[in-house]
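*Asks:* Handing you a structure now.
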Amino acid sequence: MPITASKLRAIPFFKGIDPGLFDRVLPYVQEKVYRKGSIIFLEGSEGDEIYFILSGSVSIHTINKSKKVVLAFFHEGDYFGEMALIKPGLVRSATAETASQTRLLSLRRTHFQLLFENDRNLLHYLVEDTMNRLRKANQQIYDLTFLSVRSRIIKRLANWCEEFGNAADPAASVRIPIKLTHQQLADMVGAVRETVSKVLQDMQDEGLIEIEQKMIQVKDRAGLEKWLVNEM
């Protein structure tokens, strides 16, 4: 599919790129559309592309003792698949699967390197973002080890509130614009679906959240934060 400059500029990663370099890379960007549940790449496969999400959502997961463990969940504006491009021959460290119908932009290694060779600021941006993702991964390991399932769910919701909520009014309710099944949320927090379903029902009964059409609305952010403070 043809890619327009405005479409590519909508991705935060590309906003600061020099216009001349931007025009050189644009012809090599490809757009791809995936149905929900499609595998973009498999853990252990050789990586040759980086992906940018135009719309939809993607889960990054691995299998541990026959159990799916979601390592990250990306949505519109995010990118993924960059680690395997750093050095030729590296394989994918996890599997990428669409969590909804998703439109992606992709760029192969040779053209991705063109960006770095001509704009060192991008390299700094990528390193900083990678370090941030590693910190989140370390925190996830801690949470899986020491926090209860309810606390892990509440922490996930609190992070989404920070991302999608109104910074000017932190007390306002937040509708999280991601459609999730109980199983998908269970995979994210390292729990079984039945336990997650019970926790979500309890939280609805307590007036902390509402769920409509698989979307969660956090009604009491202060209540979530109070629970986390007491738990941790």
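*Asks:* Output the strands (runs of 3 or more DSSP E) that fall wholly within the stretch 1-76 and possess 3 or more residues being on the phi < 0 side of the Ramachandran plot and of a type outside the set (A, V, I, L, M), or say none.
*Replies:* Counting at least 3 such residues, we get 30-34, 49-55, 57-64, 67-75.
*Asks:* Name the residue that is most open to solvent (accessible area, probe 1.4 Å), counting only residues in the stretch 221-232 that are in contact (Cβ under 8 Å) with a residue 24 or more places away in the chain and charged (D, E, K, R).
*Replies:* So the residue we want is E225.
*Asks:* Residue pairs, Cβ under 7 Å, 6 or more apart or interchain, first in the stretch 188-211 and without any contact (Cβ under 8 Å) to a residue 60 or more places away in the chain, second open to solvent by 60 Å² or more (accessible area, probe 1.4 Å) and part of a helix (DSSP H, G or I). List them.
*Replies:* R193/H182; R193/Q183; V196/H182; S197/H182; L200/H182; E210/Q204; I211/Q204
*Asks:* How about the stretch 129-144: which of its residues are acidic (D, E) and closer than 13 Å to M83 by Cα?
*Replies:* D129
*Asks:* Would you pick out the residues in the stretch 1-52 that are of a type in the set (K, R), in contact (Cβ under 8 Å) with a residue 40 or more places away in the chain and open to solvent by less than 80 Å² (accessible area, probe 1.4 Å)?
*Replies:* Hits for the stretch 1-52 are K7, K32.
*Asks:* Output the residues belonging to the stretch 213-232 that are among the small types (G, A, S) and more than 19 Å from V196 (Cα to Cα).
*Replies:* Within the stretch 213-232, A222 is the sole residue that qualifies.
The values are calculated or read from the model by the stated rules, or taken from the named source; none is laboratory data. As the structure is a prediction and not an experimental result, all values here were calculated from the model. Here the Cβ is made from the backbone with ideal geometry for all residues, glycine too, and neighbour counts use every protein chain on show. Just the protein is used for accessible areas: all its heavy atoms, side chains included, with ligands, DNA and RNA removed. Shrake-Rupley method; radii C 1.70, N 1.55, O 1.52, S 1.80 Å.
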